1. Take the stretch B:103-158 and flag every residue that is within 13 Å of chain A (Cβ to nearest Cβ), outside any helix (DSSP H, G or I) and polar (S, T, N, Q).
2. Go over the candidates B:G63, B:G109 one by one and state the one that is among the small types (G, A, S) and either modelled with pLDDT under 90 or under 17 Å from B:D5 (Cβ atoms) (or both).
3. Identify all residues within the stretch A:176-195 that are surrounded by 22 or more Cβ atoms within 10 Å (Cβ to Cβ) and out of contact with any strand residue (DSSP E or B) (no Cβ under 7 Å at 6 or more places or on another chain); write none if there are none.
4. State which residue is modelled with the highest pLDDT when the search covers only the stretch B:87-102 and only residues that are more than 8 Å from chain C (Cβ to nearest Cβ) and either more than 22 Å from the chain's Cα centre (by Cα) or part of a helix (DSSP H, G or I) (or both).
5. Would you check which residues across the stretch B:40-78 are free of Cβ contacts under 8 Å to residues at least 12 places away in the same chain and within 11 Å of another protein chain (Cβ to nearest Cβ) and list them?
6. Quick one: A:G186 ticks every box in (1) farther than 23 Å from A:E98 by Cα; (2) assigned to a loop (DSSP other than H, G, I, E, B); (3) under 12 Å from the mean Cα position of the chain (by Cα) except a single one, so which number is it?
7. Wholly within the stretch C:144-258, which helices (runs of 4 or more DSSP H) include no fewer than the required count, namely at least 1 residues that are at the interface with another protein chain (Cβ under 9 Å from one of its Cβ atoms) and over 25 Å from C:A127 (Cβ atoms)?
8. What strands (runs of 3 or more DSSP E) completely inside the stretch B:195-271 contain at least 2 residues that are in contact (Cβ under 8 Å) with a residue 12 or more places away in the chain, in contact with a helix residue (DSSP H, G or I) (Cβ under 9 Å, 6 or more places away or on another chain) and under 24 Å from B:V182 (Cα atoms)?
Amino acid sequence: MDIVLEALTHTYPGGVTALQDVSFTLRAGEAVAIVGQNGAGKTTLVKHLNGLLLPTSGTVRLGETDTRRRSVAQMAAQVGYVFQNPDDQLFQPTVAREVAFGPHNLRWPAARAVAATAAALEAAGLTAVADRHPYDLAPSERKRVALAAVLAMETPIIVLDEPTTGQDYAGVARIGGLVDDLIAHGRTVITVTHDLDFCAEHFARVIVMGQGRVLLDGPARAVLAQADVLAQTDVEPPQLMRLAAQLPWGDAPLPLTVADFVATWIGRS
Amino acid sequence: MLTLDHVTYRYPNTERPALRDLSLTIPAGQFCAVVGANGAGKSTLAYTLAGFVPHFYHGTLTGAVTVAGLNTASVTLADLVRRVGLVFQNPYNQISGTKFTVREEVAFGLENLGVPRAEMLERIAATMQLTGIAALAERSPLTLSGGQMQRVALASVLAMQPQVLVLDEPASQLDPIGTREVLAAVQALAASRRITVVLIEHKLEWVAAFADRVLVLADGALVADGPPAEVLASDVLLTHAAGQTRYTQAARLARAQGGWPANQPLPVTLPQAVAAFQAARP
Amino acid sequence: MSEQFSIFQSRPSRLHALHPVTKLVLTFCLLAAALLLPGLWTNYLLFALAILPLATLGQVTGPLLRAVWPTVLPFAISVFLIQGIIYPHGTPLFSLGPLTLKREGLLLAISGTGRILMVVSNFILFALITRPDTLMLSLVQRGVPGGLAYIVVASIQLVPRFRARAAAILDAQHARGLETTGSLRRRLSAIVPLVVPLILSSLVDVEERALAIEARAFNHPGPKTSLIEITEAGWERPARWLLLLTVPVSLGLRLWLG
């Protein structure tokens, strides 16, 4: 299902307008990254996707349903949200039970819940620690527990809020692989990130936010090349695009991945 | 100057040492980066330099750690925190929780040190300027974003005028240009005031751009030590799953596919990559 | 404001201008009076003659009443029901169907509510007019150990911090499909997923906060200074001693009249 935002404006009770007249459609199966400076409204925006926040004006529709008409828990079956801080949700004595909590809330039959939990643990690289207490794990591992907990709910749409923060190289690669996998299975993945390389390598569409407004919205190659617009919101193009910009690249497509870059560069030579 | 002499450390009730027989010397004013996979001991090293190991975390520490002329085990934590400023990875854990504005928050450490009020005001103004948060002075710390909070934490620590500054993954919270500004400010400070900087970071492009020296930790031990151009291009990082910058990865792949002269060193920064790829064109 | 870590309200009032320790002593003496003084209606009188005028002086009457009301009213109702009606013995006053209001129960309910009213409003008034940081500093300057001072201060902040944390946890668990409205059974089963993260993350929070203030030289020996100017009028010191005299007076009145 699609998520449609129409003239979304959100003003916090303190008077700060975090989002100003935002409109776009997130289509089923898309991989979308939302980038922008700290305080641009990225997290505020994605919290509207599952009803955690409701618009001050404008509408957000999940499929046919206005998010005002459903509770967050009801929309949880459609939209999985991985929070930045995993400690806000961990309460079970083992990782496995934590991951099984979502399926339990969705009232799945036992067989399905068990299978989904196992698959999620595997995808997040947590099978080895499934019986450990989440608080015995390092913070970066706890983050993956939170991720697995949402994966297990097998929602068609997944929102990741800064998924790579605190992860090491291997952790980022694993999460990237996971995103690719979800997209390959037709799920919609939306991420807020300021890791532009991670963004370029896994997300086909990029939305750039600045001061509560959408500055750019389009295919990754086109959007991430616009260094001057990105700079307005404290963002820089990914490493390889910056490199290509200083090499005689001609009109070859700009590189999103290392393989892209080398193939084009060798091809041009 | 910082010295570790055969330092081994175990957290309480653990078998595996978090730091294994580490020996190194970091001269004053050096901008030193520490990289490695999660669990390699980077944060533990940061805590050890700041004296939280062993004073806060207890456990078993063998070997000698000398910071700014003091042996960390034989002085109190209070003596050390003045000399070593530590900016944590999660800025929300760094705020005092008792201050209503950013300005007051930055003042907290100075109040504890008994700095006279007039001097406090000067130092606060200077560090807020340096870290780009002067405009946030009257805001409540709790309404700030992660990146803004990280800058407040840095300003608070810098106001205490430490001789050593340890930064634990600043890029994880800051947006790209924010990271660049903060690291540039820290680098300038290191040069002008001879502050030793220890940067713990996963994003190697920042290490490549700012560090004078890179230490690679794996499993608590030091496995590489040298200038960024050398260490970040080497295989050691790959062996210990510490990653590479995209520039290095691209050059490596090009080399594997025959599009790179065998003798040309692998670049680690953007300028190096531009020069290297241009030179490598047939 | 849900984003605040304390309910302190800054006002240009004479009450706010008092030294933090004076405010602490005042609160302590009122607490002693509330707990010790005999009489059924004493606490209500104290509330009307001490708390309300002080709140007016401090320009925080509105916030005080808004904070006190939702705490005291449910308590009053439940103690009235339990003591007044459910408690089996005593002199019946009047009946309504199967429920009989007893005199002794009613008196207990009135005095219990009065005590809660005083204790809660006293504490809230203190939090409304006292800055946590200047209080902490003043205590440490007077030789109170740093850890204890921090705990005293942290206790003022506990409720707002918990509330902010609880809101974040509620969001996170809702997003995992936890329903917290509807049937009683559903609401009861929502308790564990809400309370456990609150406790666990608060414990982690405590350790991390201890580390954080340590890193900011909180335990540095020697006198501390303050960015916010802490003033103490000349008459405050003797006034504090006078106030403290009310404690043995309250005690005496209890022993003599109680």
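The values are calculated or read from the model by the stated rules, or taken from the named source; none is laboratory data. The model shown is predicted, which means the values in this text are computed figures rather than measured ones. So basically every Cβ, Gly included, is an ideal-geometry build from the backbone, and we count neighbours across all protein chains shown.
1. Passing the criteria: B:S140, B:S145.
2. Matching residue, one of B:G63, B:G109: B:G63.
3. A:L178, A:D195
4. Of everything passing the filter in the stretch B:87-102, B:V102 is modelled with the highest pLDDT.
5. The answer is B:A78, and nothing else.
6. Of the numbered conditions (1) farther than 23 Å from A:E98 by Cα; (2) assigned to a loop (DSSP other than H, G, I, E, B); (3) under 12 Å from the mean Cα position of the chain (by Cα), the odd one out for A:G186 is (3).
7. It comes to C:146-174, C:191-215.
8. In the stretch B:195-271, B:196-200, B:213-218 are the strands (runs of 3 or more DSSP E) which contain 2 or more residues that are in contact (Cβ under 8 Å) with a residue 12 or more places away in the chain, in contact with a helix residue (DSSP H, G or I) (Cβ under 9 Å, 6 or more places away or on another chain) and under 24 Å from B:V182 (Cα atoms).
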